[in-house]
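J.: There's a structure below that I have some questions on.
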Amino acid sequence: MAQSSLSLPSILVAALVVLVALSGAFLVVDFDAATYQTSAEHTATAASAGAESLPPVNNGYLVVDAPDAIRDDLTDELVASFQREGLSLDPIEARDSYDRAVVVVVVDEWNPRWNPVTPSGSVTWRAAFDAGGHRQHIDAGLSGDPFVFNSTMGPDVAGTLDARVDVSGTGLVSRPAYRTRLIDAVSNTTAEQVTAQFEQGR
């Protein structure tokens, strides 16, 4: 009686197909079974003039300058993070002037360094904000020079944030899930620090 058995080449082909399928899944499926260590470094500055007469800052504009690969998702998550902090922001393109509070976020370095078992990436970014929407303060805050606050513009609170997060993981995590982890870290840090500065400056 003839016995049926898989040949070695057939087994190797089947194993290769499974490996390719698993590799592809880690590139597109949102899967996260890792533990993480996150470290953040940030410096926030704020200045104000006549801020006691300003109403609470509860809405404004959001401008995001980031790589195309993450810009839309980062914008959405920033809006959600600021909303949790009590600040409703409308995403817009950069303008020459603003008629209400504005937060501008600029991602200088997006370095995800993903692999499925030990990802270790970082993001470096800046933000500038102004309760009165003054473009001069936004430009000064993003210039890289010491922040200059013009107190002749009337009651206002403005400032800057320079930040970096490093997120390393151990376990199994897909590329989309790790990307989300980095975006969340940037969004949460930005929203917490900027809203705190708005409050402290008043």
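J.: Using θ = phi - 60° and the Karplus form 6.51 cos²θ - 1.76 cosθ + 1.60, what ³J(HN,Hα) does each residue of the stretch 139-152 get, whole Hz, x for Gly and Pro?
T.: Karplus values, whole Hz, x for Gly and Pro: 4, 5, x, 9, 6, x, 8, x, 5, 10, 9, 9, 7, 8.
J.: Given R₀ = 30 Å, FRET efficiency for GLN37-ASP90 by Cβ-Cβ distance, to 0.05? Please report the intermediate quantities before stating the final value.
T.: Numbers: r = 34 Å, r/R0 = 1.15.
Efficiency at R0 = 30 Å is approximately 0.30.
J.: Now, a different point. At a 1.4 Å probe radius, carbon and sulfur cover how many percent of the accessible area of the stretch 157-199?
T.: Details: 590 of 1330 Å².
Carbon plus sulfur share of accessible area: 44 percent.
J.: Now a separate question. What is the calculated FRET efficiency for ASP72 to ASP108, with r their C-beta to C-beta distance and R₀ = 22 Å, to the nearest 0.05? Present the calculation step by step, with values, prior to reporting the outcome.
T.: Numbers: r = 19 Å, r/R0 = 0.84.
Here the calculated transfer efficiency is 0.75.
J.: Once you place label points 7 Å from the Cα toward the Cβ at ARG135 and PHE147, how far apart are they in nm?
T.: A separation of 2.1 nm, rounded to one decimal place.
J.: I've got another one for you. Please compute the Kirkwood hydrodynamic radius over the stretch 52-168, one decimal place, Å, based on all pairs of different Cα atoms. Provide the component values of the computation, followed by the final result.
T.: Working: mean 1/r = 0.0655 Å⁻¹.
Radius from the Kirkwood sum: 15.3 Å.
J.: Sticking with this structure for a sec: Cut-off 16 Å, label point 7 angstrom out along Cα-to-Cβ of GLU199: give me the residues of the stretch 65-87 whose amide nitrogen falls inside.
T.: Flagged as within label range: 81-87.
The values are calculated or read from the model by the stated rules, or taken from the named source; none is laboratory data. Keep in mind that this is a model prediction, so the values were computed, not measured. Every residue, glycine as well, gets a Cβ built from its backbone with ideal geometry; the counts of neighbours run over all protein chains shown. With ligands, DNA and RNA removed, areas are computed over all heavy atoms of the protein, side chains included. Shrake-Rupley method; radii C 1.70, N 1.55, O 1.52, S 1.80 Å.
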